[in-house]
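Working notes for the structure below.
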Amino acid sequence: MNYPTLNKISLAALLFISSANIGRAEVCLDCHPGIIKQMQGSSHHIQGTPLTSGHCYACHWEAAIDGSINEQFHRKRPGMTDLVLWGAGTRPTEHVSGKTSLLFSSTAIGTKSEREEVAKLSRHCLSCHRDDNNDTTPFSGDTRTPRRYSWDGQSVSARYEDKGIATWGKYSTTTSNRKMQVTKAFSAHGNASSNQGGWSSSGGYDTAMPVTRGNSGARNVECYDCHNSHGTDIAGVTSSYKDADKKQNGGLLKQTVGGKGGYRSSYTPSTNGDLSSKNPYNPGAGLCFDCHETELSGLTPWGYRDTFNAESPIMGYKDTHRFDSGIKGSTSRYAKRMGRSEIVSSHLKAGAFLKYSSDQSIGGLCTPCHDPHGVSRTLGKNMKYAVPLLKGTWLTSPYKEDASPAVTPGKGAPSKPRAPMAPGATGTTKGPVSMQGMQYNVDRNTFGDGKKIAETVDEFAGLCLNCHSRLSSRGESKNSQIHKAVKGWGDNREHSFPCSKCHQAHNSGLPRLMQTNCFEEGPSGLRSSSIGLAWLPDKNVKQDSKVKSASAGFVGCHVKQFGNKGGSAPPKRSENEWNEKSKW
C-alpha cells in the first residue's frame, strides 16, 4: 500500500515540544518523538525510507492514512494502544474489535494478566507476518516484505503457529535411552505445553525423566517477549542474516527502559566479547541465555519460572551455564570422568577451523542452527528430525550414555570367548559389558545383532552438512577412517552411527565436540599398565593371526588388549587405535 509521504520531522525540534503544545499536535510524531529515536536504532521496522507519521497508519488505528491523528480511536489513555489486524494483502479500513483491531495495555506487563495481554501482540504481529502477506509491503517507501529476511522463504506464522509434534527420540528398545518418551513441539515457543524437556540427575536420558517444562501449565513465548515493536539499539551481532545496512543487526531484539512500557528495569541482552574465554557470544545468543537461565523476572523482562512456568533452567543434560566451563549433568553423573568440566570445544569457539570453505558461520549466535519461531515446513516429512527448533535435520542419539567404570577392574579376561561380559574385581566374569565395567553402547547392544538405525544421512545429519562437508569414504586419512563408522560413509559391518553417537552439539570437555572417548584410552586403571577392557569385534571379521594375544577371550577394538595375565598389548593398528584427541 502507498501512503502520502510527509516532510521529515527534525528530532531536535521534537525534543523541545512542551506539554502545552500537545493539544495543537497535528501528526503522530508531534507527540511521540521517542519513536523516532527507536526507529534510528541499529535495528528498526522501517528501512530504506525516511520515517514519517504516515507510517504509523500501517499498525495503529490512532493514526489516519495521512499521518494525522484519528480522533475516533485516539483514546489518550496511558499505556493503551489500538492495534491493526491485517487482512490478506490489505490494511483494513473498518474498525471491528477483535477482528480488525486489538486493544493492548502495556500496564499489564509484570501483572497476572501479562501473558494474556502480550498474546494479543502476537496476533497483531502475525496478522502481517503470515502466508497471506508474504509479498505485501506494509510501509510506504519500504520495498521489503514481511518474509524478506526469512531463511526458508516462509512466513513466521507458518512456523510459530504450527501445532505439530514429534517424539524427540526415534527408537525405543530395552537397551536404548528413553528419549522417545519425550514429546517435542515443532513450535516450542508457540506451543509450549506440548514441548517437553528435562533429564534425570542420576540417569540422564537413560532412565525415566522428570518433565520440568512442557505441560498444561506451560506458557508460550510471545513475539513481544523477544522483540521490540519499533526498533532497538543493541551493539553487536543480533541476527544471522544481514539487514538493509548489510550488517547483522536485525531482529528487533528485546531492549527495555525501566519505567517505560510497563517494565520495571532497563534490559539489554547480555554479551561476552572476551575472545579468550570458552564461550564468546553476541547479544543474539545472550537473549536466549538470559531467558533460558534466569529464574525470576526483574533484572530481565522474564524468568523461566515465574513467566513461563518451567521448573528448571532450559538446559540440556549436556549443557553448561552459557556454554562456559562448568559441571554438566553428564559430568556430575560420572565421577571418574576427568577434565570434563573444563570446556575444550564449543560451537561458540572452534578449536580448529574447517579446512574448506563454508557458506555458514556461527558468529556467536544460536540462530545459525536454531529458529526460535519453529521448524520449517520446507523439510516436509523430515520435520520430525528438526526438533528442537532446528534449521535442518538431526537424529538425537538413541544410545545410552558411554562411561568409564565406576571402579578400577582387576586383571584377567573372561574365559568364555566372545561373551558379552566384563571382569569383576578378581577377574571373574560379572554381567554384561553395557551394565558393568566400561559402559559402552553401540549398535550391537542397543538394537540387537546386525541391526542399525534406519535413517539416511539426509535425515540424521542434514543440519551438520550445512557447514561440514562429507568426508570421502575412500580416503586413507585418520579423519576418513574414523568417519567410516558413520552410516553410509563406509563399508563398515560393525558400526552404522549417526553424528550424535560421537558428537554433542553445543560444547564438550573433549575436543571436536566428542561425547565419548571411544575407549582406546581412559583414566588410571584402564591403560595397558593395569587393564584395558576389550569389547567385541565384528563377529564376521577374522582375527589377525599376527597378533599374539588374538587367542584371548576377546579382542579390543579401541582399547589396549589385556589378554592373559602377563600378556603384552597388541601392536597398534591405524584403523583401530586411531584416537589421539578424546582422552577421558
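The values are calculated or read from the model by the stated rules, or taken from the named source; none is laboratory data. Note that the structure is predicted; figures quoted are calculated from it, not measured. So basically every Cβ, Gly included, is an ideal-geometry build from the backbone, and we count neighbours across all protein chains shown.
With the checklist (1) at pLDDT 85 or above; (2) surrounded by 14 or more Cβ atoms within 10 Å (Cβ to Cβ); (3) closer than 24 Å to T207 by Cα in hand, flag the one item G392 doesn't pass.
Single failed check for G392: (3).
So, L287, is that one part of a loop (DSSP other than H, G, I, E, B) and not acidic (D, E) or not?
When the stated conditions are applied, L287 does not pass them.
Mind listing just one residue for me: the one in the range 288-316 that is of a type in the set (G, A, S) and under 20 Å from G217 (Cβ atoms) and, of those, surrounded by the fewest Cβ atoms within 10 Å (Cβ to Cβ)? Steps first, please.
Here is the first cut: in the range 288-316, the residues of a type in the set (G, A, S) are 297-298, 303, 310, 312, 316.
Still in the list and also under 20 Å from G217 (Cβ atoms): 297, 303, 310, 312.
Values: S297: 22, G303: 18, A310: 23, S312: 15.
Only one residue tops the list, namely S312.
So for the range 317-330 (the condition being in a loop (DSSP other than H, G, I, E, B), at pLDDT below 95, crowded, with 22+ Cβ neighbours inside 10 Å and among the hydrophobic types (A, V, I, L, M, F, W, C)), does at least one residue qualify?
no
For residues that are without any contact (Cβ under 8 Å) to a residue 60 or more places away in the chain and part of a loop (DSSP other than H, G, I, E, B), scanning just the range 495-515, find the one that is nearest to A386 (Cα to Cα). Before you say what the answer is, go through the steps one by one.
Keep residues of the range 495-515 that are without any contact (Cβ under 8 Å) to a residue 60 or more places away in the chain, which gives 495-497, 502-503.
Keeping just the survivors that are part of a loop (DSSP other than H, G, I, E, B) gives 495-496.
Values: H495: 24, S496: 21 Å.
Across the range 495-515, the extreme among qualifying residues is S496.
Among the residues of the range 367-378, what is the count of those that are buried (at least 19 other Cβ atoms within 10 Å of the Cβ) and over 17 Å from the mean Cα position of the chain (by Cα)?
The qualifying residues number 0.
Pull up the range 443-454, narrow it to residues that are charged (D, E, K, R) and buried (at least 20 other Cβ atoms within 10 Å of the Cβ), then point me to the one that is modelled with the lowest pLDDT.
R444
Give the number of residues within the range 184-202 that are more than 17 Å from W302 (Cα to Cα), of a type outside the set (A, V, I, L, M, F, W, C) and either in contact with a Leu (Cβ under 6 Å, 6 or more places away or on another chain) or touching a residue at least 40 places away in the same chain (Cβ under 8 Å) (or both).
Number satisfying all stated conditions: 7.
Among S140, S122, S101, S113, which is the only one that is closer than 17 Å to H230 by Cβ, hydroxyl-bearing (S, T, Y) and either surrounded by fewer than 16 Cβ atoms within 10 Å (Cβ to Cβ) or at pLDDT 95 or above (or both)?
Values: S140 fails: either surrounded by fewer than 16 Cβ atoms within 10 Å (Cβ to Cβ) or at pLDDT 95 or above (or both); S101 fails: closer than 17 Å to H230 by Cβ; S113 fails: closer than 17 Å to H230 by Cβ.
Only one candidate qualifies: S122.
Residues in the range 265-287 that are out of contact with any helix residue (DSSP H, G or I) (no Cβ under 9 Å at 6 or more places or on another chain) and surrounded by 22 or more Cβ atoms within 10 Å (Cβ to Cβ): how many?
Step one: of the range 265-287, the residues out of contact with any helix residue (DSSP H, G or I) (no Cβ under 9 Å at 6 or more places or on another chain) are 265-266, 273-277, 280, 282-284.
Now restrict to residues that are surrounded by 22 or more Cβ atoms within 10 Å (Cβ to Cβ): 282-284.
Number satisfying all stated conditions: 3.
Here's the yes/no breakdown for (1) in a loop (DSSP other than H, G, I, E, B); (2) aliphatic (A, V, I, L, M); (3) in contact with an Asp or Glu (Cβ under 8 Å, 6 or more places away or on another chain):
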site	(1), (2), (3)
T174	yes, no, no
S202	yes, no, no
V211	yes, yes, no
R219	yes, no, no
D225	no, no, no
A235	yes, yes, no
S240	yes, no, no
